[in-house]
Amino acid sequence: MSELQRTSNRRDFVIAAGACALTLTSAAVGPRAEEKAPLLDALPEAKAAGATESWETAINVLTGDAKVVDGRIILELPEIAENGNVVPMTVMVPSAMTANDFVRSLRIYSTGNLRPLIATFRFTPDSGKAVVSARIRLAKSQDIVALAELGDGTFLRRTKNVKVTIGGCGG
Amino acid sequence: MATPTPRVRMPATAKAGETIEIKTLISHEMESGNRKDKDGKVIPRKIINGFEAKFNGKQVFKTVWHPAISANPFMSFFVKVPEAGTFEFAWTDDDGSVYKSEQKIAIG
């Protein structure tokens, strides 16, 4: 079941189920076969952006050789979250948001959850401001990493630690 | 579960070119797929995996959600309003359902 649990969405699930059926005879190729299926190329969010790998791998795959600058992003999270099921988060990426200078996307990674990627936000210059708020689940005390991709291909990164009293995601 | 109800709060009017905040909320259990029921069986994942905002037919904001988004997901974001028009919001469920909401904004 573990492969199925790791799959990140319904389409992945269908693809993985198909891939399992195909690879039954070639166990050596095993579970990684579905990752090479061409259909997944259409799902960059599910794959390259780190729905399943470790958070370090996910960030490295995404940033590649691009320049990554620490700081500038304002990552508002409580220092101590009493309930890991509902942790309020606000992320601000200072930017003029013009056609030449804007924030293309913002990804939020967890370093302590089962799956590293929490959410991806995509902006356009029409967004006016690259600011989002949401409520997230944290399984335990951990660092949260915000990674913003700018219009010129460089990245900004910011890490913040959150202490969680009662973890979310569990069962 | 009852059909998720989207709620959107945003100003009814804005100045041309003003950046407004849009707050959205939708009722949804966001079952993570990690939990087990009392017999030890995994409760299958069922979350809203995406949200998209369009203004007069043009996509202005999009997000992809993973199971670490809390139940009854709240989200706020900003959009620049160049002219009067209609915002369309759409949430996509794992089961393929799309929950929609529309809001008009006037320039004034």
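The values are calculated or read from the model by the stated rules, or taken from the named source; none is laboratory data. Being a predicted model, the structure only gives us computed values, none of them experimental. Glycine also receives a Cβ, built like all others from the backbone with ideal geometry; neighbour counts cover every protein chain displayed. Surface areas here come from the heavy atoms of the whole protein model, side chains and all, with no ligands, DNA or RNA. Shrake-Rupley method; radii C 1.70, N 1.55, O 1.52, S 1.80 Å.
Quick check on my filter: what residues within the stretch B:44-70 are within 7 Å of chain A (Cβ to nearest Cβ) and part of a loop (DSSP other than H, G, I, E, B)? Across the stretch B:44-70, the qualifying residues are B:His66, B:Pro67, B:Ala68, B:Ser70. Looking at (1) hydrophobic (A, V, I, L, M, F, W, C); (2) open to solvent by less than 40 Å² (accessible area, probe 1.4 Å); (3) away from chain B (no Cβ under 11 Å); (4) under 22 Å from B:Arg45 (Cα atoms), can you tell me which one A:Ile166 breaks? Every condition holds for A:Ile166 apart from (2). Filtering the stretch A:109-131 for residues that are closer than 23 Å to B:Ser27 by Cα, at pLDDT below 90 and small (Gly, Ala, Ser) leaves an empty set. Considering only the stretch A:81-96, I want to know if a residue exists there that is in contact (Cβ under 8 Å) with a residue 24 or more places away in the chain, closer than 30 Å to B:Ala14 by Cα, exposed (fewer than 14 other Cβ atoms within 10 Å of the Cβ) and away from chain B (no Cβ under 14 Å). No, because not a single residue in the stretch A:81-96 is in contact (Cβ under 8 Å) with a residue 24 or more places away in the chain, closer than 30 Å to B:Ala14 by Cα, exposed (fewer than 14 other Cβ atoms within 10 Å of the Cβ) and away from chain B (no Cβ under 14 Å).
So, B:Ala16, is that one in a loop (DSSP other than H, G, I, E, B), of a type in the set (Gly, Ala, Ser) and within 8 Å of chain A (Cβ to nearest Cβ) or not? So B:Ala16 does not fit the description; no.
Please name all residue pairs, on different chains or six or more residues apart, with Cβ atoms under 6 Å, provided the first residue is in the stretch A:105-127 and is more than 7 Å from chain B (Cβ to nearest Cβ) and under 14 Å from A:Ala58 (Cα atoms) and the second residue is open to solvent by 10 Å² or more (accessible area, probe 1.4 Å) and of a type in the set (Asp, Glu). Sorted first by the residue in the stretch A:105-127, then by its partner, the pairs are A:Thr111/A:Asp143.
Scanning the stretch A:135-153 for residues that are open to solvent by 10 Å² or more (accessible area, probe 1.4 Å) and in a loop (DSSP other than H, G, I, E, B) yields A:Arg137, A:Ala139, A:Lys140, A:Ser141, A:Gly151, A:Asp152, A:Gly153. Could you run through the stretch B:67-97 and say how many residues are open to solvent by less than 10 Å² (accessible area, probe 1.4 Å) and either under 20 Å from B:Met30 (Cα atoms) or aromatic (Phe, Trp, Tyr) (or both)? The total comes to 12.
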